[in-house]
Protein chains: 2
Amino acid sequence: MSGFPELITVNKALEKIKGSLNLSIEVEDVPLSECVGRVLAEDVISPIDVPPFDRSAVEGYAVLSSDTFSATPTNPIELTVIGKSEAGQEPSQIPQISSGTAVEIFTGAPIPQGADAVVMVEQTKRVGDKVLIYSPVAKWRNVSKQGEDFAKGKPLLLKGTRMKPWHIGALASANITKVKAYRKLRIGILSTGSELKELGEEVKLGEIVNSSKPMLTALIKERNCIPVDLGTVEDELNKILERLRLGLEICDIIVTTGGTSLGEKDLTPEAVQKLGSPGLIVHGVAMRPAKPTGAGVVNGKPIFILSGYPVAALVGFEVFVDEVINFIYGTKPEPKPKVRGRLTRKLATQVGYRCFVRARVTPSPSGYLIEPIKLTGSGLLSSMTKANAMIMVEENVEGFDEGDEVEAYLIQPIEAPL
Amino acid sequence: MSGFPELITVNKALEKIKGSLNLSIEVEDVPLSECVGRVLAEDVISPIDVPPFDRSAVEGYAVLSSDTFSATPTNPIELTVIGKSEAGQEPSQIPQISSGTAVEIFTGAPIPQGADAVVMVEQTKRVGDKVLIYSPVAKWRNVSKQGEDFAKGKPLLLKGTRMKPWHIGALASANITKVKAYRKLRIGILSTGSELKELGEEVKLGEIVNSSKPMLTALIKERNCIPVDLGTVEDELNKILERLRLGLEICDIIVTTGGTSLGEKDLTPEAVQKLGSPGLIVHGVAMRPAKPTGAGVVNGKPIFILSGYPVAALVGFEVFVDEVINFIYGTKPEPKPKVRGRLTRKLATQVGYRCFVRARVTPSPSGYLIEPIKLTGSGLLSSMTKANAMIMVEENVEGFDEGDEVEAYLIQPIEAPL
């Protein structure tokens, strides 16, 4: 029983972990309907021109632009309407334009051969089989040119893109039904602690429900990874070793909770050290909460030893596991929504520690007010459920005075019920 | 064929739509594993105290705090260790503390009867069955009091909370296995356009793939709602009417694409008007892109007539459908990540229109540079895939000059491959 021999900074810890990883994540075909949140493993080359033909961007009349150059509101020019071009029509069925003629055309319809512009309907007047044009139109005006969105043979999306709904739209527009993406990472969750009962089980006095597992499961799913339940084990070295070995076989990343401190019963760091090389490489991080976080690498796979305290586990997950997921995929973290505001009270943090302070942001006539909730209390999830923001205080900062302007990142809408 | 008679502002349009809605969304039991992103339909009252008993927040020795008041590093006080309290142990099995005694205790273990504080192990030295205490400890220091996280009978989470992973943790800590949440909204997607082919189908010259449907499907899923495919129909009034009637029966919200302009073939607004009262209430919005957006309400349910152009459909969805989903659930929009930076070129927008300009943000030594990509080109999804941000220009702004500082919201990490 003693304190941590030496604390490592968050950045140094991440550097050490990343430097020891050796994972290669297979690539798989993913249908478009499953692509949101997935990461492209290669550039996608457009197999066709999008749009696949010159088409009208508006409703009006397809014309030869040179016919319209003298048109004015008082001296319109007159063209003979020789047909119609409707969306979905085959271009060969549409009459060909020559000087003096026009084709009535709808949005999305093919541009007739010979035409090089579309006059918007608002600048025309139809009189029987004639149309009056009140304004000149420049060459290719109101025409979506073949391939102007995505050109055949050119990259449509780049490797490393984490796909959003509009990427799905872009792929669909080129009639691409599946893409090569990295498979979802499998993240094992191992809970340790003799006092833990599973959610829904009967809980005797002295026992508590394992709240970290459902929370971590939710966090992992939110990141488009697959949670793998490695079970809950008592504080026994051999049981922990056995589950970690299983986890190394079937998962890409392992996350454990509990057993991170340096007490008699905190066996997970010891287990990770025994599992293989390099073993335990981080134990104790200069951060608050989540100081007792540990991390190891075995067979090139990371094992994160998170606190048994749920808020510390959450912060440890967001600081370490998130970053390593992005590192493995080659992606960047999603941007966080931030606000600046004035502290409603002094916020004392310890120099040398990166601190994550739960906070409540409220609007005021003079800008946002930011009330720090708790620096300690990493066992209290109510400190999260009562917060709509977090303040991250860097290692070189000693804290802030009441009224100081600080930045906070929002974890909920500011107006969410708290 | 003519222009829109009168454009309505985004805010007025939303007001009109919301004012006509009459939807009541049923409440259902949702297991914790499915709760992320769901909205609580009632306050959740904690059925138990969390933690359920006084427990130690650290490893050390449970003591009577008054025994320690004179302890100093040079004059430690000595207590007799009469037992151990381990996590998971039943409190009745733990020896009772009286003056002069201490119990070795682990993190999370029950506080023995009689004890009112825990001395951290770092401030002690064990010598056989005695322990030396080098520092006084205040009453209840290092003790997590029963119910201090969530008290029995008190609200644990509030109605209207859109649940995040830590809410799941909080519910689990009180052994709550399911909650009452609003059921997921069913959002129908009806595509209109004779030129449209479904993703994966053979596409003849003159036809295009329906890219909006897969994109909208992804948007709807991202918002934790259920997409319902109402099919793709040609530009025929009766077919559109039939599908809208079906949609009103089986969906809460309908979204259509195509058929929003005022041409001969744009029949959806007419269909919505025919369906019932109040029918079409918005047609043409002072915004760019997505000016031809329409909206109606029939049987209290909203129908959004989005553009056939995918970027306009996307913007229309985010401006109108998102807002109405939040309105129905009583939730607030998730905060957007924003940055401020200087424009790399002039950005001309039209006064009176709310404009959504795709942009590319890049870091520079003097701060972020923001390059507007396109104001027009709402048919070009490449204007989205090449963007990492959007600039929203309010109606009363005439645009910005090169070098002006503007705010943009990020739709991707700044460093994402574009």
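Read-outs: derived from the displayed coordinates by stated rules, not from any lab. Keep in mind the model is a prediction, meaning the values are calculated, not measured. With ideal geometry, Cβ positions are generated from the backbone for all residues, glycine too; neighbour counts draw on all protein chains shown.
Points to keep in mind about this one:
- In the range B:338-410, Cα pairs under 8 Å separated by at least six residues give a relative contact order of 49 percent.
- Annotation for the range A:29-76: chymotrypsin sites (Phe, Trp or Tyr not before Pro) lying in DSSP loop with at most 11 further Cβ atoms inside 10 Å of their Cβ are A:69.
- The range B:338-410: C-alpha gyration tensor shape, a/c 1.5 cut-off, then a/b vs b/c: oblate
- Loop-located GluC sites (Glu not before Pro) in the range B:1-101, at most 12 other Cβ atoms within 10 Å (DSSP): B:6, B:26
- The 3J(HN,Hα) values that the Karplus relation (6.51, -1.76, 1.60; θ = phi - 60°) gives for the range B:340-355 are, in residue order, 10, x, 9, 5, 7, 7, 4, 10, 8, 10, 9, 4, x, 10, 8, 10 Hz. Gly and Pro appear as x.
- If the chain linking residue B:24 and residue B:9 were pulled fully straight, counting 0.36 nm for each residue of separation and taking away their Cα-Cα distance, it would gain 2.7 nm.
- Close amide H partners of residue A:147, meaning residues 5 or more places away or on another chain with modelled amide H under 5 Å apart, are A:50, A:53.
- Spin-label pair residue A:362/residue B:198, simplified geometry with 7 Å Cα→Cβ offset, distance in nm: 5.4
- In straight-distance terms, cross-link reach from residue A:152 covers every one of the lysines whose alpha-carbon lies under 26 Å from its own, apart from those fewer than eight places away in the same chain; here that gives A:139, A:164, A:178, A:180, B:197, B:204, B:213, B:374, B:386.
- With a 10 Å cut-off around each Cβ of A:218-224, the average count of Cβ atoms from other chains is 4.
- Based on DSSP H segments of at least four residues, each scored -39500 (n - 2.57), chain A has a per-residue ellipticity at 222 nm of -5000 deg cm²/dmol.
- Of A:330, A:349, A:380, farthest towards positive along the dipole that unit charges on Lys, Arg, Asp, Glu beta carbons give chain A: A:349
- Hz values of 3J(HN,Hα) by residue in the range B:103-115 - Karplus curve (6.51, -1.76, 1.60), Gly and Pro given as x: 10, 5, 9, 10, 3, x, 7, x, 6, x, 4, x, 7
- Cα→Cβ-extended label distance, 7 Å offset, between residue B:334 and residue B:369, nm: 3.1
- Other-chain or far-sequence residues with amide H under 5 Å of residue A:58's (modelled H): A:108
- 3J(HN,Hα) from dihedral phi, the range B:285-300, Karplus parametrisation 6.51/-1.76/1.60, rounded to Hz, x for glycine, proline: 10, 6, 8, 9, x, 5, 3, x, 4, x, 8, x, 9, 9, 6, x
- Alpha carbon centroid spacing (whole Å) that separates the range A:134-204 from the range B:377-400: 20
- For the range A:158-217, the set of GluC sites (Glu not before Pro) satisfying both a DSSP loop assignment and a count of at most 15 other C-beta atoms within 10 Å is given as A:201, A:202.
- Chain B: relative contact order in percent, alpha carbon pairs under 8 Å with at least 6 residues between: 16
- Here's how it looks for residue B:305: its modeled amide H is under 5 Å from those of B:256, B:294, B:295, B:296, which are all 5 or more places away or on a different chain.
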